[in-house]
Amino acid sequence: MSRRGRSVRTCLIAVVAAASALSFGPGSAAPSRRGDRPDVVLITIDTLRSDHMSVYGYGRPTSPNLDRLIREGVRFDDARTVEPLTSPSLCSMITSREPQEHGSTRNGLRIRSGLASLPKELRYSGYRTAAFVGNWTLRDKLSGLGEHFDHYAEVLTRARWFGLIRSEATAEDINEQALDWLDGDRRDDGKPVFVWVHYVEPHAPYRLWEAYMDRLGIKKGNVAAADRYDTEIAFVDDAVGRLVRELGKRLHDPMFVFASDHGESLGEHDYWGHGRNLFETTLRVPMSITWQGHLAPSSVGKPALLIDLAPTVLRLLGIDPPREFEGYDWSAVLDGGRADPSDRVTFYQTHRGAVLSKHDSDLARRAGLLEVGLIHGSVKEIFRFQGKVTRRFDLAVDPGELHDLAKPHEQPSEALTAWMRNVTAGLASFDDAPAERIDDESAKHLRSLGYVD
């Protein structure tokens, strides 16, 4: 993080008066092993809402395999993304930085080169690293994530919907390439591996997987969009179950890290999709760490963010996270050595979907900012730049964010104003390096995924 970023963050924490520190001392959760490190698997699923998973209380049995994996580890019950768009969110997860710091604030904007990251730190510690991604927005050309892995596979082998555009992969494609790498391309050099797989299901437009309709109680002839969404979850859940079973035969003492990049609005607030606002439907994500024999099954009820995963995983492996990581290290909490952060303030932002025009490219980052927000305790505050509208909700009594407590024309709080300045200053730091316009092929694919305003 730049000196500017660190100083502003310090001021923010002072403003909110009780925010938890973003970096804590070394944890005590060093692995008890045979002298070598465990293999690590990061599984992410695009557009997956936690409240449509059985393990988080959903009435339909959408996710039995994921439920089992999560129940065997540590489940984060109050986890969120920092931005509800795929590339910004996952770049933040990998680098443990806020979007205005790494630069990928919109799909199609690459992150800064040379940043520290979870896979880079693991590589420095002797790991072989590989990624298998099935969403066009994660192509290295658009995201810049390729530099962080020894092997970066863009699995874009078929048109997942309607046979129109080859911009996706199904979950089976992801599994096949990941397992082939482990069985063949991976050298038998005794090194541990870090493997990231990113599934595109259940991203819109939602496909109906009829094989799961009976199990989910969906009647033919009366299928809603949310029903199709649920069958997508059931489909990818089966794929995750197969992958975990196969990896169990191949990996040593594996640690499984699981998350979604963001949620999805299914008509709430008269909106379908993600990325255009900061309501809970798109911010909330499932998140868990499963490491049998090392982490006891448990749940964490305090606020957590995707940027917390990188420092936590490193510390659990006995590796010191880089100082520039901005996420909270949960390792000592998970090991029972430290209480949960009691009064953490978490910060959010959202931007327009993709950079598709020359005008967008000229001021791609600053021009794309839509909203900033924060959560302190149960109070959530959002500021929308268009119309200069402040919203405030009490999530404890109004989890659906239906009752805005802000007065008409109310100004944002000092804390949110400080966060807004932090974000806009970070975006302005990229003005001397304007984004390149997305090529016509990528623009076509991004439009097919709904990333247009």
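The values are calculated or read from the model by the stated rules, or taken from the named source; none is laboratory data. Since we're looking at a predicted model, the values are computed, not measured. Here the Cβ positions follow ideal geometry from the backbone for every residue, glycine too, while neighbour counts run over all protein chains shown. Accessible surface areas use protein heavy atoms only, side chains included; no ligands, DNA or RNA. Shrake-Rupley method; radii C 1.70, N 1.55, O 1.52, S 1.80 Å.
PRE reach from ARG384 (point 7 Å along Cα→Cβ): which of segment 276-315 fall under 12 Å by backbone N?
Residues 276-279 qualify, since their backbone N sits under 12 Å from the label point.
Ignoring everything but the protein chains, give the 1.4 Å probe accessible area of VAL379 in square angstrom, nearest 10.
That residue has around 60 Å² of solvent-accessible surface.
Give me a comma-separated list of calculated 3J(HN,Hα) values for segment 416-428, in order, Karplus coefficients 6.51, -1.76, 1.60 applied at θ = phi - 60°, integers in Hz, x for any Gly or Pro.
For segment 416-428, the Karplus curve yields 5, 4, 5, 5, 4, 5, 4, 5, 5, 5, x, 5, 5 Hz.
Describe numerically, in nm with one decimal, the distance between label points set 7 Å from Cα along Cα→Cβ at THR417 and at ARG215.
5.3 nm
What is the Cα centroid distance between segment 298-325 and segment 101-117, reported in whole angstrom?
One Cα centre to the other: 20 Å.
Using heavy-atom solvent-accessible surface (probe 1.4 Å) with all chains present, what is the largest-first order of ARG215, ARG139?
Greatest to least solvent exposure: ARG215, ARG139.
Would you list LEU90, LEU179 from the most to the least accessible area, probe 1.4 Å?
Descending accessible area places them as LEU179, LEU90.
Would you pull out the residues with amide H under 5 Å of TYR152's amide H, same chain only if 5 or more places away, H placed 1.01 Å from N?
Hits under the 5 Å cutoff: ALA131.
Testing the spin-label approximation: label points 7 Å from Cα along Cα→Cβ at LEU402 and ASP340. State their distance in nm.
Modelled inter-label distance: 2.6 nm.
Once label points are set 7 Å from the Cα along Cα→Cβ at both ALA225 and LYS141, what is their separation, rounded to one decimal in nm?
Computed distance between label sites ALA225 and LYS141 equals 3.0 nm.
Residue by residue through segment 290-301, what is 3J(HN,Hα) from phi via Karplus (6.51 cos²θ - 1.76 cosθ + 1.60, θ = phi - 60°)? Round to whole Hz and write x for glycine and proline.
10, 9, 5, x, 10, 10, 6, x, 6, 9, 10, x
What ³J(HN,Hα) values, in whole Hz, does the Karplus curve 6.51 cos²θ - 1.76 cosθ + 1.60 give for segment 238-247 when θ = phi - 60°, with x put for Gly and Pro?
Whole-Hz 3J(HN,Hα) from phi for segment 238-247: 4, 5, 4, x, 5, 4, 4, 4, 5, 5.
To the nearest 10 Å², what's ARG128's accessible area with a 1.4 Å probe?
Accessible area of ARG128: about 50 Å².
Show which lysines lie in cross-link reach of LYS380 when reach means a straight Cα distance below 25 angstrom and same-chain residues fewer than eight apart are skipped.
LYS380 reaches LYS302, LYS388, LYS407.
Put +1 on the Cβ of every Lys and Arg and -1 on every Asp and Glu Cβ in segment 263-324; which of PHE279, LEU266, LEU309 then has its Cα farthest towards the positive end of the dipole?
LEU309
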